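K.L.:
Here it is, the structure in full.
The values are calculated or read from the model by the stated rules, or taken from the named source; none is laboratory data. Everything numeric in this text was worked out from a predicted model, so none of it was measured. Please note: Cβ atoms are built from the backbone with ideal geometry, for glycine as well, and neighbour counts cover all protein chains shown. The area values use the complete protein model at the heavy-atom level, side chains included, leaving out ligands, DNA and RNA. Shrake-Rupley method; radii C 1.70, N 1.55, O 1.52, S 1.80 Å.
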Amino acid sequence: MLRPPQEGRRVQCCIRRDQRGVEKGLFPVYYLYLEAANSWKHFLLAGKEKVEQNLQLSHLLGPNGPIPGWEQLCGQSQVQYLGHQEDESILSRFQRGVRQGVVLLQNKPPVWSDESDAFVLNFHGRVTRASVKNFQIINPNKLDNEAVPRALEGEVSRDVWSVASLLPLAPGPQPGEDLKEYMLRPPQEGQRVQCCIGRDQRGMEKGLFPVYYLYLEAANSWKRFLLAGRKRKWSKTSNYLISLDPRDLSRDGDNFVGKVRSNILGTRFVIFDDGLNPEEKNSHLDKTWIRQELGAVCYEDESILSRFQRGVRQGLVLLQNKPLVWSDESDAFMLNFHRRVTRASVKNLQIINPNTPDKVVLQFGPVATDTFTMDFCFPLCPLQAFAICLSSFDGKLACV
């Protein structure tokens, strides 16, 4: 799904739209099939608009569930964990290029595996399930000795974590030690910490707002509880409260140790300690209790669109609509789909590389009420081609 066909070859597909039922009538499901000989069709992908937000590429599914690793492959996502600052937000400093006192960490790019025929990360047995949530975070300045795995679901390649996995384990909190202080202190350099996260979705409430439990893994498969986190119910944006006590998940409780808050799009997250919000009433009474930023996570800092808008075209392939050609026979501007598209529609499109305008890279259009053809060739992969077609189905407020 992430590999384009060989140059000089094309792929013929069709898209079926399912609008049956009340929910699908509002949020249709689109199915992509590969067309083969004897009118046989092979399912490739499915896409659906999420109810709470606009169409998400991360919601694309393959025959065996979500497709792992495609965001890193397409270069559209970068996770950054940044350092601590009191006076100005970490994200604003980073965007202004002020890196002093900031530690930049980023996603480790997956490596192609001929054995798995996919891009993979090697978790060395610590992750056993494929998931879009799998990731490894590295310090780009220390690629030879550091990589920090942060998920509990994935698979298989040789990487620098094999070096980090040889480091001795850091000790857990000692008897009588201040737990809040321990939670805010990184392990000593040269040591590693092995943990696991449990998710509790039992019951109606936890089904909507799961509780996550962080455990420290010790010898003999023994686990020690460290932290619990839960998404707050009435927040305008995603807001996860973190507590030292799994039974006390309250903002006003004595065990509250910090929180993670996102923007409205869910593309930027800020990590805070347990201090007061400076915008709240009475927060000015004691400045020692004003909350501090401990880090920021950004999934959109250097997207393809932002690079294109800044004029940074290196590594980008620009494709555009093929211009319509006037037909004296039809007395209209038309595109020639060579009978692969049989109905007139505003969704009909052909995409070309402006450097080779006679070669159609992607063409798409309806052949029945809920059936569309989709043909593409290099440099697009099936995932990219299907995603482009899904974008044409979505409503556009700013387009006529």
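K.L.:
Report, by residue number, each residue of region 353-377 that is farther than 11 Å from Cys14 by Cβ and at pLDDT below 85.
P.N.:
If the condition is that a residue be farther than 11 Å from Cys14 by Cβ and at pLDDT below 85, then Thr369 is the only one that fits.
K.L.:
Within region 228-249, which residues are open to solvent by 40 Å² or more (accessible area, probe 1.4 Å), of a type outside the set (A, V, I, L, M, F, W, C) and in a strand (DSSP E or B)?
P.N.:
Across region 228-249, the qualifying residues are Arg230, Lys231, Tyr240.
K.L.:
As an exercise: evaluate Phe43 against (1) open to solvent by 50 Å² or more (accessible area, probe 1.4 Å); (2) of a type in the set (A, V, I, L, M, F, W, C); (3) at pLDDT below 50 and give the number of the one condition it does not meet.
P.N.:
Looking at each condition in turn, Phe43 falls short on (3).
K.L.:
Continuing with the same structure: Please enumerate the residues belonging to region 186-201 that are exposed (fewer than 10 other Cβ atoms within 10 Å of the Cβ) and modelled with pLDDT of 80 or more.
P.N.:
Pro186
K.L.:
Among the residues of region 330-350 satisfying the criterion of being over 24 Å from Leu380 (Cβ atoms) and not hydroxyl-bearing (Ser, Thr, Tyr), which is surrounded by the fewest Cβ atoms within 10 Å (Cβ to Cβ)?
P.N.:
Among them, the one singled out is Asp331.
Conditions tested, residue by residue: (1) at pLDDT below 70; (2) over 18 Å from Lys133 (Cα atoms); (3) not aliphatic (A, V, I, L, M).
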| site | (1), (2), (3) |
| --- | --- |
| Ser39 | no, yes, yes |
| Glu49 | no, yes, yes |
| Leu57 | yes, no, no |
| Leu61 | yes, no, no |
| Gly75 | yes, no, yes |
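K.L.:
Related question: Among the residues in region 308-329, are any open to solvent by less than 40 Å² (accessible area, probe 1.4 Å), in a strand (DSSP E or B) and more than 22 Å from Gln19 (Cα to Cα)?
P.N.:
So far as region 308-329 goes, yes, one or more of its residues are open to solvent by less than 40 Å² (accessible area, probe 1.4 Å), in a strand (DSSP E or B) and more than 22 Å from Gln19 (Cα to Cα).
K.L.:
Of everything in region 250-264, what is in a strand (DSSP E or B) and either open to solvent by less than 30 Å² (accessible area, probe 1.4 Å) or over 20 Å from Ser89 (Cα atoms) (or both)? Give them in sequence order.
P.N.:
Phe256, Val257, Gly258, Lys259, Ser262
K.L.:
Another question, then. For region 188-224, give me each residue that is in a strand (DSSP E or B) and over 28 Å from the mean Cα position of the chain (by Cα).
P.N.:
Correct list: Lys223, Arg224.
K.L.:
Tell me, which residue of region 1-33 that is assigned to a strand (DSSP E or B) and in contact with a helix residue (DSSP H, G or I) (Cβ under 8 Å, 6 or more places away or on another chain) is surrounded by the most Cβ atoms within 10 Å (Cβ to Cβ)?
P.N.:
Per the criteria, the residue is Leu32.
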